[in-house]
Each structure stands twice: as C-alpha cells, then as structure tokens.
Amino acid sequence: MAKSIKFSKKTIKKTSRYFGVVLAAGFILFSLVSFFWPKNPFQILKEKIVKTPYDYEAHLQLAEVYLQNNQYQKAENELWQLRVLGTSTSRFGQLLQQKLLQNPADIKRLIAGWERIVDQKPNYRDGWLQLAYLNYKIYEDEKAKVYLTKALELDPNFTPARELEKIIEE
C-alpha cells in the first residue's frame, strides 16, 4: 500500500515562495539569453523593413515568405506596400499572381469575374478554360469538367484544354 506524504503548512509556504523566486529568475535568465540567440531569416527581414521601410526588395522577400506560409492577408499587405512604393517589377507581378492563384477566396473572386465574361461572350474558349482551371484549383472537379467540355466544344484542338483534360481525368 502506498504511503501518503504529508507536508506542513510551513513547508508548503516556503516551497511556494521559493518557486516564485526561481520562476522569476528563470524568466530573467531566458530573456537575457534570447538577446544573443541567432535570428532566423524572417526576423532579420522584419527588422530590415522596420529600419528601412522603403526597401522594395525586403517587402518582396517578406511577401514571398508570407505566401509560402499561406498567410494571404499578410502577403496582400506587403504587396500593397510594394504598390505604394511604386516600382513594379516582374517579380512583383509573379508574387501577385501567385497570391491570386493560391488563396481560395481570391480564386472564387476570379471565378465570379470569368463567369461574367463568359456570360457576355459565350464563345470565348479561353474564358471557359480559365473557369475549368480555377474550379480545379479549389477541388470543384465536376464544375471543372463541365467548363472544360465547353472549351473543347468551341475548339477541339485547343492544346491547353487538352493538357488540362489529362490532369483532371487522373
């Protein structure tokens, strides 16, 4: 049978007092040591932007990091900063397109836009292909197949549509 251990109130009081002191000392030690730990690239990049807020390249790199981590709102904020800074590069365009084609909310907005276009121009095969591709990106495979069929009805030899057909059918 297990023995029960009994502590006096005096022992508990002493222990809790020392525990608080040890905890505070540990926190202070951790805080001091953390100043000397090496920083990761993300922290370095954030510091660089704080020091030089008009650094176009730093904003580009930060937007790229946010996109890699699926932090779409933060990526969009950085891309907005780049627009404000003014100098547009091909890399900026690539990041903007990457953001639009990764974020499900952006894809749905693109789909709505393409649906309006094909409503106005029902014989626009590229519009139907865009709808097929975008629906495929958000796992709406049945819709993607319908749109792809429409694009192929308009142009049976349309190579990009045939390539997408191979991917969707897998």
**OP:** Taking the residues in region 122-163 that are more than 27 Å from the chain's Cα centre (by Cα) and among the hydroxyl-bearing types (S, T, Y) as candidates, determine which candidate is nearest to K108 (Cα to Cα).
**Re:** Y147
Subject >> Flag for P53 being loosely packed, with under 10 Cβ neighbours inside 10 Å and out of contact with any Phe, Trp or Tyr (no Cβ under 8 Å at 6 or more places or on another chain) >> reply: no
Original post:
With (1) under 30 Å from N157 (Cβ atoms); (2) within 21 Å of the chain's Cα centre (by Cα); (3) surrounded by fewer than 18 Cβ atoms within 10 Å (Cβ to Cβ) as the list, and S90 as the residue in question, which single condition is left unmet?
Top reply: (1)
**OP:** Go through K99, K137, K121 for me and flag whichever is closer than 16 Å to I167 by Cβ and either among the charged types (D, E, K, R) or touching a Leu at 6+ places or on another chain (Cβ under 7 Å) (or both).
**Re:** K137
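Each reported figure results from applying straightforward, stated rules to the coordinates on display, with no laboratory input. Worth saying up front: this structure is predicted, and the values here are computed from it rather than measured. Cβ atoms come from the backbone with ideal geometry, glycine included; neighbour counts cover every protein chain shown.
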